[in-house]
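> Take a look at this one; I'll ask things after.
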Amino acid sequence: MSAAAPLAPPLDVERLRADFPILRQKVNGRPLVYLDNGASSQRPLAVIDAERNYAETMHANVHRGVHTLSQRATDAFEAARERVRHFINARSVREVVFTKGTTESINLVAHSFLRPRVQPGDEVLISWLEHHANIVPWQMACEATGAVLKVTPIDRRGELDLDAFQSLLSDRTRLVAMTHVSNALGTVLPVRQIVALAHARGVPVLLDGAQAVPHFALDMQALDCDFYAFSGHKLYGPDGIGVLYGRERLLDAMPPWQGGGDMILSVSFSGTTYNQLPFKFEAGTPHMSGAVGLAAAIDYVDAVGLERIAAWERTLLEYATERLTAIEGLTIIGTARDKASLVSFVLDGVHPHDIGTILDQAGVAIRTGHHCAMPAIEFFGVPATARASFAFYNTRDEVDRLVAAVTAARDMFR
Ligand code: 7TS
C-alpha cells in the first residue's frame, strides 16, 4: 500500500526525528511512541533554540522602548508576524493578530465581531463536528444577545451534510463558524464550498484551523474566508501563542475586545483613541518569545515541506487504518473520505480510558475521552473514544507498536 507518488522526494523520517529531543526518551521502560499530536505536537530543536536565543540576546518589552534590546525584541516580534503572514498568504500584516491560541482567537471574533452585530433571532451556523472552542463562545454570545445557534448535521461517516448546510443558511445567518478539520474524527471539511455557499448569501465565515495548519499549506486569499484561527502548539511551536487571521475590512470595523497598553494611541480621562491594526487587538505585553518560536516552527515546517508532510501522513493514516481495522472488536469512529492523519476508535468491552492507560504502560501516548467535542462523539452513541493522531515524525514501526498494544489491551479484557 502506498500513497500517490509525492512530487518531492519522501521524508527521511529517522533523520527528522533526531531534531525532536523529547522523542528520544523511554516512558515506562519502553521507547516513547508519541501519538497525541492532535492535542499538542512536539517542538524541534530549531524552535527551542529560537526561544532560547530570544531570551539570551534580545528580550525586552516590545513597542515601548527606544533602547536597543526593546528595538531588537520589537523587530523579532514583527518579523514573526510577517513570517505568519507569508505562511498563510494573508494580504497584509494588519490581518495577523497574535493571540493565546485558537480558543482566544474565536472568542475575540465572538466578542468584537458577532455581539455588536446581532439582534434577537439572528443566527450563527456551526457544525456537529466542532471543538468546544467553536461552540461555547457562540453559545455565550447567543445567550447575551438573543441570537440563535444553528447546527449543521453530519452523517455516519462523520462528513458534513452540505445540502443541510445550504438549507440552514438563512436571511438571519450572521456568521458561519466551522472547523477546517475535526479533531475528534479527522474529517476534512469542504471549506471552499462552505465559504462559497456562505458568501453567496452574504454571510462571513470563520474557520477553526487548529487541526488543519499542521497538515496542509494554507492560502487565505485563495480560501477567501473572513477569519481563520490556529494555535502554535499544534504546529510544532510554543504553547500560549496563536493567530487570528481576519479580513482587514472587518477587523478595521470591529471594536477592541480588551483594553490596556499597546492597543491605544492616546488615553485621557475624557476618552481614548485606539491603535491601528493589528495592535488594536493586542492589549498588554504579548507572548514575544512565543511569536519568535512560532516563526521558527513555520520555518521548520516549510523546510520539511507541507506537501511531503501530507504525503507521509497519508501513508501513516492508511497503514494505521488498515491494521487497526483488522483487530477483532475494534470500530473506527469517523470514516470520512477526506481525513487528516488521526484515528478515533472504540474497542468492544474495553473503556477508552483503560485502553489509554494500558497503552501508556507500553510507552504509547494517545488521547482518550470526548476530545472536547462532545456532540461529535455522542453522535456515534459512545461516551468516549481512543484517538491516535499522527505527525510527520511518526513511523510505521510506531503504528505497529500501537496495534500491538491495543491488541494486548483487548486480550487483557477478554
Ligand atoms: N479547535 C480545534 C479543532 C481543536 O482541535 C482545538 C484543540 C481547539 C480548537 C482549541 O485549541 P487551543 O490551542 O486554543 O486549546 N484540540 C485539542 C485536542 O484535540 N486535544 O487536546 C486539544
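> Filter segment 52-72 down to the residues that are within 21 Å of His233 (Cα to Cα) and either buried (at least 20 other Cβ atoms within 10 Å of the Cβ) or modelled with pLDDT under 95 (or both) and list them by number.
Hit for segment 52-72 is Tyr54, nothing else.
> From the set of residues in segment 222-238 that are more than 19 Å from Ala177 (Cβ to Cβ) and part of a loop (DSSP other than H, G, I, E, B), which is farthest from the ligand (Cβ to nearest atom)?
Among those residues, the one meeting the criterion is Tyr236.
> If you don't mind, there's one more thing I want to ask. With the structure loaded, tell me whether Ile358 is within 16 Å of the ligand (Cβ to nearest atom) and either under 25 Å from Val13 (Cβ atoms) or of a type in the set (Val, Ile, Thr) (or both) or whether it fails that test.
So Ile358 does not fit the description; no.
> OK, next. Which of the residues that make up segment 239-267 are within 13 Å of the ligand (Cβ to nearest atom) and buried (at least 24 other Cβ atoms within 10 Å of the Cβ)?
Answer for segment 239-267, where residues must be within 13 Å of the ligand (Cβ to nearest atom) and buried (at least 24 other Cβ atoms within 10 Å of the Cβ): Ile241, Gly242, Val243, Leu244.
> Is it true that Thr321 is more than 16 Å from the ligand (Cβ to nearest atom), of a type in the set (Ser, Thr, Tyr) and either part of a strand (DSSP E or B) or touching a Ser or Thr at 6+ places or on another chain (Cβ under 9 Å) (or both)?
yes
> Going by the conditions given, is Phe113 farther than 27 Å from Leu277 by Cα, surrounded by 17 or more Cβ atoms within 10 Å (Cβ to Cβ), touching a residue at least 24 places away in the same chain (Cβ under 8 Å) and among the hydrophobic types (A, V, I, L, M, F, W, C)? Steps first, answer last, please.
Working: farther than 27 Å from Leu277 by Cα: no; surrounded by 17 or more Cβ atoms within 10 Å (Cβ to Cβ): yes; touching a residue at least 24 places away in the same chain (Cβ under 8 Å): yes; among the hydrophobic types (A, V, I, L, M, F, W, C): yes.
So Phe113 does not fit the description; no.
> Please work out if Val301 is β-branched (Val, Ile, Thr), in contact with a Phe, Trp or Tyr (Cβ under 7 Å, 6 or more places away or on another chain), over 22 Å from Leu11 (Cα atoms) and touching a residue at least 24 places away in the same chain (Cβ under 8 Å).
No.
> Take the residues of segment 300-314 that are surrounded by fewer than 20 Cβ atoms within 10 Å (Cβ to Cβ) and closer than 18 Å to Ala336 by Cβ: which is farthest from the chain's Cα centre (by Cα)?
Here the residue is Arg314.
> In addition: How do the pairs read when you match residues in segment 359-373 that are under 17 Å from Ala391 (Cβ atoms) with residues anywhere that are crowded, with 17+ Cβ neighbours inside 10 Å and charged (D, E, K, R), using Cβ under 7 Å and keeping only pairs 6 or more apart or on different chains?
Val364/Arg401; Ala365/Asp36; Ile366/Asp36; Ile366/Arg387; Arg367/Asp36; Arg367/Arg387; His371/Arg387
> Next question. Would you check which residues across segment 268-284 are free of Cβ contacts under 8 Å to residues at least 24 places away in the same chain, surrounded by 12 or more Cβ atoms within 10 Å (Cβ to Cβ) and outside any loop (DSSP other than H, G, I, E, B) and list them?
Thr272, Tyr274
> Another one. Under 6 Å by Cβ, and 6 or more places apart or on different chains, what pairs join a residue from segment 91-108 that is in the same structural domain as Gly209 (by TED's automatic domain parsing) and part of a helix (DSSP H, G or I) with one that is small (Gly, Ala, Ser) and more than 16 Å from the ligand (Cβ to nearest atom)?
Glu95/Gly246
> Being buried (at least 24 other Cβ atoms within 10 Å of the Cβ) and within 16 Å of the ligand (Cβ to nearest atom) is the requirement here; does Val97 meet it?
Yes, satisfied.
> Considering Asp163, Asp224, which residue is surrounded by fewer than 16 Cβ atoms within 10 Å (Cβ to Cβ) and under 19 Å from the mean Cα position of the chain (by Cα)?
Step by step, each of Asp163, Asp224 is checked, and only Asp224 is surrounded by fewer than 16 Cβ atoms within 10 Å (Cβ to Cβ) and under 19 Å from the mean Cα position of the chain (by Cα).
The values are calculated or read from the model by the stated rules, or taken from the named source; none is laboratory data. Quantities reported herein were computed from a predicted structural model and do not represent experimental measurements. With ideal geometry, Cβ positions are generated from the backbone for all residues, glycine too; neighbour counts draw on all protein chains shown.
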